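Taken together, the values in this text are just the output of simple stated rules run on the coordinates, not laboratory data. Please read all numbers here as calculations on a predicted model, not as lab measurements. Every residue, glycine among them, receives a Cβ derived from its backbone with ideal geometry; neighbour counts consider all protein chains shown.
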Amino acid sequence: MFYLQGGEISPTLLALQHLNSLDLSGNDFRGTNVPSFISHFKELKYLNLARAGFGGPVPSSFGNLSSLQTLDLSYNYGVYVDDPTHQWLSHLTSLQHLDFSRVNFSSYSSNSLFLALNKLPSINEIRLSRCQLKSIPPSIPHLNFSSLLVLDLSFNSINFPVPPWVFNLKSLEYLDLSNNIFGSSTTADYLSSDFSTDMAKGIGNLCNLKTLDLSNSNMGMRLAELNFTGCLKDTLTHLHLSDANLDGDIPDWIGYIKHLKVLDLSENSLSGSLTSSIVRLSLLEVLNLFSNKLNGTLPVEIGKLTELASLDLGENQMRGAITEAHFSNLQKLNVLHMQSNSFVFNVSSNWIPPFLLQELRIRSCSVGSEFPTWLKTQHKLNVLDISDTGISSTVPDWFWNLITVNLAEMYMSENQIEGMLPKFSTSMQLNTIDLSSNRFYGPLPGFLGSSISYINLSNNSFSGSITQMITENFPAMSHNAYLKLLLLSMNKLNGTLPLSLCQIQGLQVLDISKNNLSGELPDCLWNSSALWILNLSNNKLTGAIPDSISYLPQLAQLRLSHNKLSGEIPAILKNCSQLEVLDLGYNNFAGSIPIWVGESLSRLVVLILRANTFSDHIPQEISQLKYLQILDLSRNNFSGPIPVSFGNLSAMQSLFNSDLLWYGILGVQDTIMVASNGKEKEYSQLLLPYVKIMDLSNNVLTGDIPEELATLYGLQSLHLSGNQLEGEIPDKLGQLQQLESLDLSRNKLLGSIPSTFSNLTSLSDFDVSYNDLSGRIPSGNQFNTFTDPSIYIGNHLCGFPLTDNCTKGGGPIQEKPSNGNEDDDGEMVWMYIGSLSGFAVGFWTIWGVLILKKKWRYAYFRYTDTTCDNIHVWVVVNFARMKRRKITSKSNH
């Protein structure tokens, strides 16, 4: 056997004529071709070139290695197949183990590959994971593979149901078909109502199968339809059906697979309760039901599974009490995940668990107000998540001693835990600490060790100077290559930002927002060139944005809103070409928006300049930002027209932008504050890809509303109020079906409210007050729910909800604040002309008929004379009656 740890491979190795084993795995030969001279080792039986950094084609001369029993070329840089026939493989008549995982077969049909492998009489292991296979032959004539034990076709693109020949591999013990697209909707020709039946029957024929993996295979059926009750129930030990598009209840037949050790049904849509069939699996070691829709309680019989080492029930809808009986015999349990359920831990304060856990995740369960004392025995914990569990006491001293041993990840957020933090030991192994959203107070803790990578102390009551914290810990922090995230937002920190902050190597996310920081931004050469989120919003920072910000080429978010910063947008900022969020709102910035914002910051998704003193025209180059979906320029002094080219903002033209990597932008459970309808609202990273907002309100914009805005079909909020916009409201805006908020108030808009607006069925906030609009308010759909008349005040409108219901042919004239020199004479002239023309038509309609029709004329005047006589009599009689009453009243007095 010959091993190399690095360097180059020299043909001088051929001097080892009787070499029978060559292992070059785990090296890095930097993409050099697989050495073909290896084929000269005629006695070679074992060849392992896995994970060695090779590239290039697989040498067909390897077919000369007739004694080779093991060939492993898996997981290299770029090894590919350059022989469409694969005939050389059929010459390896002694081959037993073949691992070509991640060898690229995409250029040729894989049919010839399987036909060549079928000729190998001794082959018992075939691994072709991640080989970019698009198909496997639906049939193989004269199927051999009589000794095949292992078949791994995972992580390919095989897009039809499993071919029948796979189910005829009677000796097969391991079958991995996971992460393909078997049964997907792209293969409609193969789909039928019998698909699930055929799948279950076929797998049921594999009577020696021990491991079956169909994870992420889009089976699209009820789990009960698989029904492994044949010979398979006597052999199967590992069943992986994660993310396989399964639904329905967990069937009883699961409990009859008596040798089952691993059952993974995670990330499906399974419902119902956890049946007692599970607890019949006495040999079960791993039970993974993560992320389903299971409900009901946890059977207490789960405590009888004495071999259980890992139990994952996380992210379901289960509830009920968890007692000591649930764990009575689980002495081997080392992983317990129950997070995101409604379990209530009801155990005594002196309970000593029978297990020693390595991972405990019980987020969102209830453990009571006191810190759980049973954790005191868990000195092997590596991961602990007790976030949002209702704890409101202090942390006992024994716990801080416990975490210095093995704990690497600690999550205790969203409780009401109070107290001061101790000074942590620099020798501890902790790499993640999340104590956010509690009641911790006092100074920031001492540094948390040289391996710490994630620190989240936000939303507490920590006080004091951040300068002190960073200065005291600077030597360790600056040399900590692991520190990636430092989150200190929503505390009571004060003081200035020290220059040493720039020297923390490897830092990617720095969030000190919502504190009381003052002074100017440090103008220093940032050693943290990897920084991609810088959030200093909601402080009291002053001065300008320093030019040194350009030394952050990876910066994706720059959030400086709600400070007292001033100056113009620095030209040097154009070097931050990766910016996706630029939020400078609520400051004292001035000047114009530079044209290069639309040209150099091409990845911008969020641009917020709200509440500053920016002026000049809005550059039309903004419309080049194809990813822009939140644009807020409100409360400034922008003038001129709204750029017609804004209709080209492509990200606002669709409902969802799948090419926006919001997870890459935010990376953590982050939110962005966006103003809408006068209120700021937080949007989480999950919702942000759907949010499309344009706010240009409270500026000095003039001209018409561009009808091109009607192409922004994904727009949810459009605010143009408080400007000097003129002309009519474009009818085409009624095409914006996603609009939830539309504010056009306080402008100089004319005409009517377009009737097409009744199509805006998502509209919940609407305001057109104080314009020069007239006519009938649209009715139907959302307009029937707008009961506040103030949203129409200052116009000439009628209809619901105004008191004028349009019966007079017009609407009330309401007093309107002056926006300038308005002249309504033209409108009044046309109103008078319309009235006179109506009078003329009515007059001649009546008198023309009377002149032409003699009989009607006599009848009309006879009716008039009679009516006048009756009126005269009525007046005389009633006048005499009133006179008598008056005389009678005087005589009585």
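So what's Rg/Rh here for segment 521-635, counting alpha carbon atoms and using the Kirkwood radius for Rh?
Details: Rg = 13.0 Å, Rh = 14.0 Å.
Looking at segment 521-635, the ratio lands at 0.93.
Taking the Cα centre of segment 502-782 as the origin, how large is its charge dipole in debye, to the nearest 20, when only Lys and Arg (+1) and Asp and Glu (-1) carry charge on their Cβ atoms?
Result for segment 502-782 is approximately 400 debye, rounded to the nearest 20.
Just to verify a number: FRET efficiency for Glu707 and Asn159, C-beta to C-beta distance, R0 = 51 Å, to 0.05? It would help to have the intermediate numbers written out before the result.
Working: r = 45 Å, r/R0 = 0.88.
E between Glu707 and Asn159, to the nearest 0.05, is 0.70.
If you bin every alpha carbon distance in segment 1-158 into 5 Å steps from zero, what whole percent lands in each bin?
2, 9, 18, 24, 22, 14, 7, 3, 1, 0
If R₀ is 30 angstrom, what is the calculated FRET efficiency for the pair Ser146 and Gln87, using the beta carbon separation as r and rounding to 0.05? Walk me through the numbers before you get to the answer.
Details: r = 21 Å, r/R0 = 0.71.
Approximately 0.90, to the nearest 0.05.
Could you give me the ³J(HN,Hα) list for segment 14-26, computed from phi with Karplus coefficients 6.51, -1.76, 1.60 and θ = phi - 60°, whole Hz, x at Gly and Pro?
Per-residue couplings from phi come out as 5, 4, 8, 4, 9, 4, 10, 8, 9, 10, 10, 5, x Hz.
Please give the net charge around Glu267, taking every other residue with its beta carbon less than 13 angstrom from that of Glu267, where Lys and Arg add +1 and Asp and Glu add -1.
Values: positive: Lys293; negative: Asp243, Asp247, Asp264, Asp312, Glu315.
Neighbourhood net charge equals -4.
Expressed in whole Å with the largest first, what are the equivalent ellipsoid semi-axes of segment 238-300 derived from the C-alpha gyration tensor as the square root of 5 times each eigenvalue? Intermediate values should be presented prior to the final figure.
Numbers: eigenvalues 58, 40, 19 Å².
Semi-axis lengths for segment 238-300 are 17, 14, 10 Å.
Please turn the phi angles of segment 596-609 into ³J(HN,Hα) values with the Karplus equation 6.51 cos²θ - 1.76 cosθ + 1.60 (θ = phi - 60°), one per residue in order, whole Hz, x for glycine and proline.
Once θ is set to phi - 60°, the couplings for segment 596-609 become 5, 4, x, 9, 9, 9, 5, 9, 4, 10, 10, 10, 10, 10 Hz.
Between Ala321 and Asp788, what is 0.36 nm times their sequence separation minus the Cα-Cα distance? Round to one decimal in nm. Spell out each step's value before the answer.
Details: separation 467, 0.36 × 467 = 168.12 nm, distance 4.92 nm.
Gain on stretching Ala321 to Asp788: 163.2 nm.
For Cα pairs less than 8 Å apart in space and 6+ apart in sequence, what is the mean separation divided by the residue count of segment 198-345, i.e. the relative contact order in percent? All intermediate terms of the calculation are to be shown ahead of the outcome.
Numbers: 390 pairs, mean separation 24.2, N = 148.
Across segment 198-345, relative contact order equals 16 percent.
Sort Trp398, Trp253 by Cβ crowding within 10 Å, fewest neighbours at the top.
Details: Trp398 11, Trp253 15.
Ranked by crowding around the Cβ, least crowded first: Trp398, Trp253.
With labels modelled as points extended 7 Å from the Cα through the Cβ direction, what inter-label distance (nm, one decimal) is found for Phe37 paired with Trp351?
Placing both labels 7 Å along Cα→Cβ, they lie 6.7 nm apart.
What relative contact order, as a whole-number percentage, does segment 502-782 give when Cα pairs under 8 Å and 6 or more residues apart are counted?
On the way: 778 pairs, mean separation 28.1, N = 281.
Once normalised by length, the contact order is 10 percent.
Considering only DSSP beta bridges whose two residues both sit in segment 502-782, what percent are antiparallel, to the nearest 5?
Details: 6 of 51 bridges.
Antiparallel bridges: around 10 percent, rounded to the nearest 5.
For a Förster distance of 30 Å, can you work out the FRET efficiency between the beta-carbons of Leu283 and Asp249, rounded to the nearest 0.05? Walk me through the intermediate numbers first.
Numbers: r = 23 Å, r/R0 = 0.76.
After rounding to 0.05, the efficiency reads 0.85.
For segment 502-782, just list the percent of Cα-Cα distances falling in each 5 Å bin from zero outward, please.
Spelled out per bin, shortest first, that is 1, 6, 12, 17, 19, 16, 12, 8, 5, 3, 1, 0, 0, 0.
Tell me the label-point distance for the pair Ser135, Asn382, using the 7 Å Cα-to-Cβ offset, in nm and rounded to one decimal.
Here the modelled spin labels are 4.4 nm apart.
How do Ser109, Ser25 rank when sorted from fewest to most other Cβ atoms within 10 Å of their own Cβ?
Values: Ser109 14, Ser25 18.
Lowest to highest Cβ neighbour count: Ser109, Ser25.
Projecting each Cα onto the charge dipole of segment 1-158 (Lys/Arg +1, Asp/Glu -1 at the beta carbon, about the Cα centre), which of Leu44, Leu89, His142 comes out farthest on the positive side?
Among Leu44, Leu89, His142, the one farthest towards the positive end of the dipole of segment 1-158 is His142.
In debye, nearest 20, what is the charge dipole magnitude of segment 1-158 about its Cα centre with +1 on Lys and Arg Cβ and -1 on Asp and Glu Cβ, if you could check? Walk me through the intermediate numbers first.
Values: 9 positive and 10 negative charges, 42 e Å.
I would put it at about 200 debye.
Among Ile403, Ile595, which comes first, then next, by fewest other beta-carbon atoms within 10 Å? Each step should come with its number before you reach the end.
Working: Ile403 20, Ile595 13.
By the 10 Å Cβ count, ascending, the order reads Ile595, Ile403.
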